[in-house]
1. Quick one: would you say Leu887 is touching a residue at least 24 places away in the same chain (Cβ under 8 Å), surrounded by 17 or more Cβ atoms within 10 Å (Cβ to Cβ) and closer than 24 Å to Phe799 by Cα?
2. Can you work out which of the residues in segment 1258-1270 that are of a type in the set (D, E, K, R) and under 30 Å from Glu1053 (Cβ atoms) is least open to solvent (accessible area, probe 1.4 Å)?
3. Can you tell me which residue within segment 755-776, out of those that are within 22 Å of Pro839 (Cβ to Cβ) and without any contact (Cβ under 8 Å) to a residue 40 or more places away in the chain, is nearest to the chain's Cα centre (by Cα)?
4. Which residue pairs have Cβ atoms under 7 Å apart, sit 6 or more places apart or on different chains, and have a first residue in segment 808-830 that is open to solvent by 20 Å² or more (accessible area, probe 1.4 Å) and a second that is acidic (Asp, Glu)?
5. Kindly indicate whether any position in segment 1292-1313 is open to solvent by less than 20 Å² (accessible area, probe 1.4 Å) and over 30 Å from Pro1226 (Cβ atoms).
6. Go through segment 1025-1076 and count every residue that is among the hydroxyl-bearing types (Ser, Thr, Tyr), open to solvent by less than 30 Å² (accessible area, probe 1.4 Å) and within 34 Å of the chain's Cα centre (by Cα).
7. If you take the residues of segment 1078-1105 that are of a type in the set (Gly, Ala, Ser) and either touching a strand residue (DSSP E or B) at 6+ places or on another chain (Cβ under 6 Å) or part of a loop (DSSP other than H, G, I, E, B) (or both), which of them is surrounded by the most Cβ atoms within 10 Å (Cβ to Cβ)?
8. Every residue in segment 804-846 that is assigned to a loop (DSSP other than H, G, I, E, B), touching a Lys or Arg at 6+ places or on another chain (Cβ under 6 Å) and within 21 Å of Pro1226 (Cα to Cα), please.
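The values are calculated or read from the model by the stated rules, or taken from the named source; none is laboratory data. It should be emphasised that the depicted structure is a prediction, and the values quoted were computed from it without experimental measurement. Please note: Cβ atoms are built from the backbone with ideal geometry, for glycine as well, and neighbour counts cover all protein chains shown. Only protein heavy atoms, including side chains, enter the accessible area calculation; ligands, DNA and RNA are left aside. Shrake-Rupley method; radii C 1.70, N 1.55, O 1.52, S 1.80 Å.
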Amino acid sequence: MKLLHHSFKSYLAILLLSVFCFNIVNADYSPKISSKDFSSPPKQIIYFEDTSNVLYLDDPKGLVYFSQNDGESWEKLNFDNEVIKLILVHPYKKNIVYAFSDSKYQFRSISAGKVWKKIETPESVHISDNFFQSPSIVFHGKRQDYALFAGQCIDDNSDKKEKEKEKNNNFCSRKFYYTRDGFLTFKELTTAHTCIFTEATNLINAEDQKSVICSSIYDNKHGLSLAKSLDWFQDDITHINAEGGVLITGIELLTSVDHYLIAIGHNILTTDKETENLFIYISYDGKAWKEISLPENVNFRSNSFSILKSFVNSLHIDLKINGIDNLGQLFSANLDTGYFNKILDYTNRDPAGNVDYETLTSIDGIILSNQVSNGQSIILDDSLSPTVRSKISFDNGNSWTFLKLSDSDDDSQSCRGDTSCSLNLHSIVERADNFKPNNMIGKYYSSPVPGLLLGVGNIGSSLKDYDYSDTYMSNDAGLSWAKTLNGPYLFEFGDSGSVIVAISDSIETNSIKYSRNMGKTWKQVSIKDSIYAKVLTTTPDSTSSKFLIIGKTSNGKYKSISLNFDKLFDRKCVENDMEDWYVPSVNGQSMCFMGYKQKFSRKKSESYCYVGKLYNEAEVVQESCPCVELDYECAYDFSKDNESGKCVPNDSLYFESIKSKECDGRTEIYSLPPSYRKIPGNQCSSIKGLNLDSDVVKRCPNYEIDMNNKNGAPKDINHDVAEGDKQEATDSMNNGKIKSLNFQFSGTIKDYIYLERDVSKDNQDETIVLLTSENEAYVTHDQGASWEQIAPGEEIISFKLNPYNSDHVFLLTTNQKIIYSMDRADNWKSFRTPSIDIPGTFPISFHPKKPSWLVWTGQTGCENANSLTCQTNSYVSRSYGKRWEILKKGVERCSFIQNLNLPTSDMLIYCIKKGNNDQNKELIASTDFFKYNQVSLVKNLIDYSIVDGFVFAAAEGKKDDDEIRAFVSMDGETFAETFFPHNVDMNKQKTYTLLGAKSKAISLHVTTNSREGAEFGTLLKSNSNGTYFIVSQNYVNRNSAGYVDFEQISSLEGVVVVNVVANYKEARKGAKKSLKSMISHTDGAQWSYIQPPSVDSENKKYKCAGQPLEKCSLHLHGFTERRDYRDTFSSTSATGVMIGVGNVGDSLDSFYEGNTFITKDGGVTWKEIKKGVYQWEYGDQGTIIALVAEQDNTNVIYYTIDEGDTWNSYEFTTEKVVVNDIATVPLDNSRKFLLFTTMPTSRGERSQVFQIDFTNLLKRKCSLDLRNPDDDDFELWSPKHPFSSSNCLFGHETQYYRKLPNKECYIGDSIADPYVIVKNCTCTRQDYECDFNYYRDEHGECRLITGYSPPDHSQYCKQNRDAIEYWVPTGYRRIPLTTCQGGNEFDKVDPMPCPGREEAFASIYERGLQGLKLILLIAAILVGSFIVFYITYRYYYYARYGQIRLDENNEFTFTDDTLVNKASKALHVIMVKATIQLNSGYDYSKVYLDTIRERLYGKKMWSFDRFALKKDRNHRYTSVDEENTSSVIFEGGSSENLLGASDEVASISPFTDLEGDNTYKDDRDAKKEKGKSMSFQDDLITDQSKDNLPGPSTDKLI
């Protein structure tokens, strides 16, 4: 016991000592401090985004200093003795910056100030601080090479009055120039007062990127007006009119704000300047301009307003009160309704237009502003001093409160945050009034760290002088504040809030304070010299731990001080150190702004760690809120009633007229349009909350009277549709753990659909709609336990689920009626169709975001097949079919276009316009329902389809050209032509099947043999934007319907299974196809046969066992043989698991001779689980897998709960039936299955649906415990390439959560985060595929097709205008899915500068070796060769150079772990790399020492030592095995044959030869084969992507 007591005391002493020592160490911490003296104050300080680069503009000398290390050291830039007056950073390309002098010579940098280029402008730069004057440089929002340049003021011929106005407002006419090549050349544009690009920001979309708008003199009567040109004001000049055709004149300010343009001016009502009437126009596209109306009683003088930062769909301006410079009124406009409302009186402002108004960085809806509480008295007596109070709004200015102290503040009890006492803070006016660099006014309180604010002020009833203020902090976005420092301080946040730095700016000091717990406590460090601090700054996103202070010393000089807090914390933050923080509202609850909550992840204040996410600021997660009345506004033609506050129609008889029109005595109900609409941009959920923007359904008052009419007027169809009585399913079998129910239907089951449930909603139903051959539709809400007939008496011929909203389902009847439900088939309504449907198609197109918007395509005048009046028209409804209007006549079909890879307009609609005799079709588009806007996208169209975010369109080639041309778009508006390998014949006789683009690349099957019963073709795969296709695999099987044996495994990335025709030569002649299955784990870049199991399900070896893989592999029946195309090998929820029917052998046998197989590792290994053919389904995310016989009558279902290791049987009925399909919910997370069966023929044509319920089989719910992973029911599983030793696949290692097979529990709801990406990997051969014009040879190498050139990679520069370099083709390109970084980058060997970017290129790459470097390198190679020769001779014979051993497989291995051997190999590698350098012209010498270190010490320093490309004499590159390049040698003494120790390439397909003779056609006009028949095939393209599968029928797209 004494010993134990003694040990405890010792332990306690050590613990206390450790804490004490830690505190001492921490107390002694001091950041790294550097300083530099400047002779003059800074006019500007530019801190570049996402870099450590800083610029310091010395005022007034015009000298510029540059730092690449956050101000730690500086160098003076050489601008050829030009005096720099202004530095301007490109607003959208933050690495581009301009330095303007007072001469015609300016300077431009595209490397964030590192390298500069001198440019000459047509005139000297006019630099002005006047808000109303056009800046000298006007940038384009999307084209970095486009810019406008404004010259000096010039005299014009305007009359005296106009010149006087110019003088008063500092206006002047200026000559504008434009450049389209990044300031290399200029051309004259026009003479104007202001010019801007229509696409002035990156959020504005114009009709043409060249569109420019100017305010210029129209005539002496109208003054300045708006003019637009699409050709640089050469010929096309249009004067802009507003709504109603009124010419916009009197312009004083033309600028842009976020996603719109704004023009502000005034109309002079009298000669008295005090009564000028201000007007404001906005435009989203430069074409249509809308006036935003100010209140009628508000008249302001010109040059008296400030445009302020605002939020979505709103505009905030502050208008100066007449005659008083420091008083304003804050107005907010709803840009959609077009009206301003005053939201705050008597704002504090200054004569320069600065306003005490701030929004918070990265947080929407919160505004801080200062109000002059005695503003009314100052209007009466302007000699009074203003009493300034601070206020905050949490709802975009609709309501305001005083700033309150938090309970932790000592003064919180005496100062309650009300009219008598509150916190008041200095803001923009104070900062602008004191000395600060011009670009540093910015925000005063806010920071990029979510919710953290600092401010200088005082408590009381008014704001005191700055020097008598203290520093306060809020960590809840301004809801509450607490004093954190006595006295006023400059402050800045670093490392995402982990460290805060502050320095007093009211006194001279050498003390700097810092906090590492969000301002709760502060520590202090000292600097050598005392300064008056003027600036404290850091990186714009506050993610760095480095800070920069600028101050003035006592001798009048200026000093920069760099602070580096990198070593402040000894560990990096982990997940437990972070918290989810919601932006609060005024009541302390999570704030709902525009219908959404804002959530951030930020560090906890008590966690002592660094975040370490440099240049990655916090991202907001938006969560929808339930809708409330504030989320709505009055709809068009409605306005708020002053008394009730409700929205009422402007025409009081409007509702009455609708009722009298629709209630004709035969109608039971009528619909009124909604009085409200959701505020544009609002994201609230009307399902969870208030729904005010739906039609209001009312009962017609005269309906009952008419029903009693003796004529018996029939009911109108626009009312609720009745359902049949609910019928319960019959109990079938129950063994206590599993039970079954059954329900009988007349006829056979034609089709069924599950209504996928939104897991974020509260509804727990599992709804299925079913259609029988009797044209009767049924619905179940409990997954088959009970059924109701939908609309008894109606004949239903087909149905369609809204693909964007699974709650909405539509049924097509035989009598021009659609029956539909908006609540998961619970209640039904109907509408009449505007025309007859086209047989064999479902005529409705749905809008992804607006469920009430429908497009109907049908026929009119087609009762007679030979009718000349027959026409196909499209109609549009925005009211669930209640009202229709013609959309476009004479079309093949029209559809809404949404959900593409790039943003597009919500109004975008495509139509296929028919030509003569259905030829010369055209794809046209509109964004206004074809009322005024219509554009042609693709002429001579064959057809188009949308697949996984791409629009793919096929068109006929040139006249008399048999080839097709293909186009692709990612935004629905801009199409690029697609190019195919020239040896793949793309003509109109071929059938093309789109297979999907799940892997960020389009997969396309081109039929190369269309002989009936022997169809096959080439599988093509595109690059990431769909413009270039390469051959992925040849002879891929398809059927006569156009469907292809191709399947992408849904639960894993890049796993694809295909069937290829092995006897393709014989099949061309009519022989029966012999199929082989192949699998790719690299998204089609490499293929292999499927590895068979070693034994069958009876533990017997297969007949072909022991033969090579090409003679003995697993073959699976694929897509072309499926009864229901929705039945796939895999499930999205059962990760890595696949089941299929097939056989082991030389080729695929007939379907009913097959057996059933399973894989649990994504297709790497397989196991036979049942003899015979079975259907399968996954339940509870793979926890339960069910099998049922495919071909035989049965009454047994088999199931496993351990991923197929053991199987059990359950008898679900006593009478055997034919099972047509087995199914469960789309997410495969239910424990109930449905069997769709046909009863014996003796019972007539009847069907049964059995519900098999496994709910009671597993009682316990599985546990996923991330903190204690060893104690839960899940494992982390990583997929891998079968021929790779690492777990890296597509450039990253991914781990999936999978239930352990031996755990008897159920998962239930889907796992929120089913997988995690552990890390990105270095690049290997598996991350690359063959480039365009290259093919994969028998060794797996990518080789150029004979006679053809590599692709032109310089096109990359044109497509990416920010690009500096492109790479010479090597034959390889990255697989679009890969995220690999560094390593063996097969596509990057020789970089080349983009045209016009040579200067930036030179700053990155040191080109070539010259002079002494070259001589020394050659000498080093010679000396190294001698040393290698000597070492080899000396140690090979006398020290046994390495040892040869036999491994366990009796194969030779060479051990080379001696220091001498490692050194020798390092020298070999250096010689190889030196030769590469001499050959390529680039300096790689930097990596040589790293190579030596790795060879000597086994430490990986740099990845270039695994260089894995060899270059032949024709400058073509082929790969060398990167898995074993430790011994690199020269063959034949030439560096042209650079090889590795092993040339193996894994996963080589025996079918890698291309059809034909491996030659490409010269171009698209190449001569065709003589004598080839050319018959046009109507059915050209089939869309096999999963989202477009039509069910059992095969719906052809083209």
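1. Numbers: touching a residue at least 24 places away in the same chain (Cβ under 8 Å): yes; surrounded by 17 or more Cβ atoms within 10 Å (Cβ to Cβ): yes; closer than 24 Å to Phe799 by Cα: yes.
Answer is yes for this residue.
2. Here is the first cut: in segment 1258-1270, the ones of a type in the set (D, E, K, R) are 1259-1261, 1265, 1267, 1270.
Then keep just the ones that are under 30 Å from Glu1053 (Cβ atoms); that gives 1261, 1265, 1267, 1270.
Numbers: Lys1261: 105, Asp1265: 52, Arg1267: 191, Asp1270: 145 Å².
Going through the qualifying residues, I end up with Asp1265.
3. Checked segment 755-776; the qualifying residue nearest to the chain's Cα centre (by Cα) is Leu771.
4. Thr814/Glu795; Met822/Asp807; Asp823/Asp807; Asn827/Asp720; Lys829/Asp720
5. no
6. Taking segment 1025-1076 first, the residues among the hydroxyl-bearing types (Ser, Thr, Tyr) are 1027-1028, 1032, 1035, 1040, 1043, 1050-1051, 1064, 1074.
Of the ones still in play, those that are also open to solvent by less than 30 Å² (accessible area, probe 1.4 Å) are 1027, 1032, 1035, 1043, 1051.
Remaining after also requiring within 34 Å of the chain's Cα centre (by Cα): 1027, 1032, 1043, 1051.
Qualifying residue count for the region: 4.
7. Of all residues in segment 1078-1105, those of a type in the set (Gly, Ala, Ser) come to 1080, 1084-1085, 1088, 1094, 1097, 1105.
Narrowing the set further to residues that are either touching a strand residue (DSSP E or B) at 6+ places or on another chain (Cβ under 6 Å) or part of a loop (DSSP other than H, G, I, E, B) (or both) leaves 1080, 1084-1085, 1094, 1097, 1105.
Values: Ser1080: 22, Gly1084: 24, Ala1085: 28, Ser1094: 13, Ser1097: 16, Ala1105: 12.
Only one residue tops the list, namely Ala1085.
8. Asp807
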